[in-house]
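See structure below.
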Amino acid sequence: MIGAGKSLWRGLQIFERYGHVFVMANLFAALLSLPIVTAPAAWGGLCRLARMAHDGPAAHINDFWGGFRESFWRGLIIGLIGVGLGFVLLMNYTTYVLQSGLLFMVLRVVWLTTWVMWMCTVLYLFPLWERMERPSLRLGLQNAFTMTLKNPFFSLTLVGGLGLIAAMSTLLIVPWALITLSLFASSATAAVDDRLRAAHPPKSIERESNAANSSLHL
């Protein structure tokens, strides 16, 4: 949990350092996310920008567009999976919303857990792709899902922190258009770096990349 807090703080520090670029990219990402299915590709663009910002020494808006283009088709698949999964879970919940009893309480917990795990997987997926020499949909999903399963308290703390940011952004509305998504990407990038270092203590950047390119055993 401490690691998740440090990741959130690190994400905020990097965001502050490249604030003007992140704000511009956040605005583009918010507009590109309106069709919903293209939201993952926009998230991919923000994660590319965050990767460049974390690695330094510079980050540019072109990094966002490069990440968006490279993530488009993979992101479209992730978007369709997310929409399909969300629809199924929502239909299950609304169909049985009036049902009571232990079985239906357990089912609701399972449905909520499934959705939270999916969101955590997507949160980790795109920053992991940025650490892979040859990004793969299958291996990326496998590693992101493994990272979620092996780090439940870290992931819940991270999601909880981002949830607080999301709640404040919803109250104020404007932050969603200007800073919130970029701050999420910067924090997620810091979180993936933290988990890769914890799983494979690196002697070099190359070793960290190798950890992302192989199946994780966290």
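The values are calculated or read from the model by the stated rules, or taken from the named source; none is laboratory data. Treat the numbers as computed from the prediction; the structure is a model and nothing was measured. For neighbour counting, all protein chains shown are included, and Cβ atoms are generated from backbone atoms with ideal geometry for every residue, glycine included.
Need pairs with beta-carbon distance below 6 Å; first residue touching a residue at least 40 places away in the same chain (Cβ under 8 Å) and within region 147-170, second assigned to a helix (DSSP H, G or I) and of a type in the set (Phe, Trp, Tyr); sequence gap 6+ or separate chains. As it stands, the answer is 147/124; 162/184, since those pairs meet every condition given. One residue stands out among those in region 96-114 that are touching a residue at least 12 places away in the same chain (Cβ under 8 Å) and closer than 24 Å to residue 39 by Cα: the one that is surrounded by the fewest Cβ atoms within 10 Å (Cβ to Cβ), which is 114. A search for C-beta distances below 6 Å between a residue of region 72-95 that is in contact (Cβ under 8 Å) with a residue 60 or more places away in the chain and any residue that is aliphatic (A, V, I, L, M), counting only pairs 6+ apart in sequence or on different chains, returns 74/137. At least 2 residues being at pLDDT 80 or above and among the basic types (Lys, Arg) is the threshold, and among the helices (runs of 4 or more DSSP H) wholly inside region 170-218 those reaching it are 180-199.
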